[in-house]
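This report refers to the structure that appears directly beneath it.
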Amino acid sequence: VNSSSSIVITGAAGMLGRTLVRRLAHRPLQAFNRSQLDLVDLDATDAVIAAIKPKTVLNCAAMTAVDRCESERDAAYAGNAVSAANLARSCEKHGARLIHFSTDYVFAGDLDRPYHEADQPAPRTVYGASKLAGEDAIRELCGRHLIVRTAWLYGPGGPSFVHTMLRLGALAGPPLTVVDDQIGNPTSTDAVATVVDRLIDTPREGTMHLTCSGSATWCDFAREIMALWRLPRQVTACTTAQFPRPAPRPANSRLDSSALSRHGLPAPPHWRDALQHFHKDFVDG
Ligand SMILES: NC(=O)c1ccc[n+]([C@@H]2O[C@H](COP(=O)([O-])OP(=O)(O)OC[C@H]3O[C@@H](n4cnc5c(N)ncnc54)[C@H](OP(=O)(O)O)[C@@H]3O)[C@@H](O)[C@H]2O)c1
């Protein structure tokens, strides 16, 4: 395919990448997983973009293992910053628009309201800092870019919080203790794909937040999963302090996605509706 309307998806074997490949199948699309295109290799990246000359590149590649990023700093910067910079250079050179995904972890998480696009990033983790370095490289190197920040993602095949809860929820045992003092917007890859499908045809540039609406703590989210799947395991609330992790989690991960509808794009569903939709697809196979 060498079409002026063609789309390249990188990081296509990841959770979001797989959903986008499926949901955008009606478009001229070429998908590359890591073994087909490792974005750390600038020459390989440039060769692919030069050969296809896509109109749009959707970059789903990242190192998303938040705790591992703390101890594998070089790998985190390679997967989240160097790779984004390489792709940005190639897109700029060959006239492609780059749509890139980023995260709530670029923020400190200490605001008492949802984060707007213009709020100042202040990451507290290696993951967040490396993702912010990726964003900054794209802003510097690629004129036609759109950075889409999302959060608390789950989708077919996982891995995700939903998949972890389904596994643990099916086991007999004492109540599961789940953090109840971190708040965010649980978001399905399907809801992201619906908006991305529209964004491809919309010349928006800059930075946009894209999560499902409504907010929840991890504990609220876990209880909703147990209820929908009718799993018997009880869930009890605990605090972040009772459940320390190598990478500190933002207390407030909420992103304000209201700019989407102000720009005529579809408002994403409420997180409970998106989860119900996911449950139905899950049960129906
Ligand atoms: N999951 C979430 O909750 C969440 C929340 C907010 C934002 N996001 C963002 O959303 C995007 C998609 O996340 P996801 O959940 O789909 O992540 P994922 O399932 O971990 O997928 C990322 C994919 O990128 C690949 N990759 C890593 N380094 C690469 C490289 N150098 N070149 C090419 N591919 C590479 C990975 O391959 P390997 O498996 O071989 O490493 C993996 O297939 C990311 O930008 C992430 O930061 C995710």
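Bear in mind these aren't lab numbers, they're just calculated from the coordinates by the rules spelled out. This one's a predicted model, so the numbers in the text were calculated from it and none came from an experiment. Here Cβ is always computed from backbone atoms with ideal geometry, including for glycine, and neighbour counts include all displayed protein chains.
Note on region 131-183: Cα-only Rg and Dmax are 17.8, 54 Å. Averaged over residues, the count of other Cβ atoms within 10 Å places the peptides 220-228, 71-79 in the sequence 220-228, 71-79, highest first.
Per the Kirkwood definition applied to all pairs of different Cα atoms, how many angstroms is the hydrodynamic radius of region 1-142?
Details: mean 1/r = 0.0647 Å⁻¹.
Answer for region 1-142: a Kirkwood hydrodynamic radius of 15.4 Å.
The peptide list 32-44, 118-130, put in order of mean Cβ contacts within 10 Å with the highest first, becomes 118-130, 32-44. Taking Cα atoms only, the orientation of helix 271-284 departs from the longest principal axis of the chain by about 90 degrees. Under conditions of 20 °C and 1.002 mPa s, the chain yields 111 µm² s⁻¹ as its translational diffusion coefficient, taking Rh as the Kirkwood radius over Cα pairs in the Stokes-Einstein equation. Gain on full extension, evaluated as 0.36 nm per residue between A118 and Q234 minus their Cα-Cα distance, stands at 37.8 nm.
Please state the relative contact order of the chain as a whole percent: Cα pairs under 8 Å, 6+ residues apart? Please list the in-between numbers first.
Working: 577 pairs, mean separation 55.9, N = 285.
Computed value for the chain: 20 percent relative contact order.
Dividing the alpha-carbon radius of gyration of region 204-285 by the rule-of-thumb value 2.2 N^0.38 Å gives 1.36.
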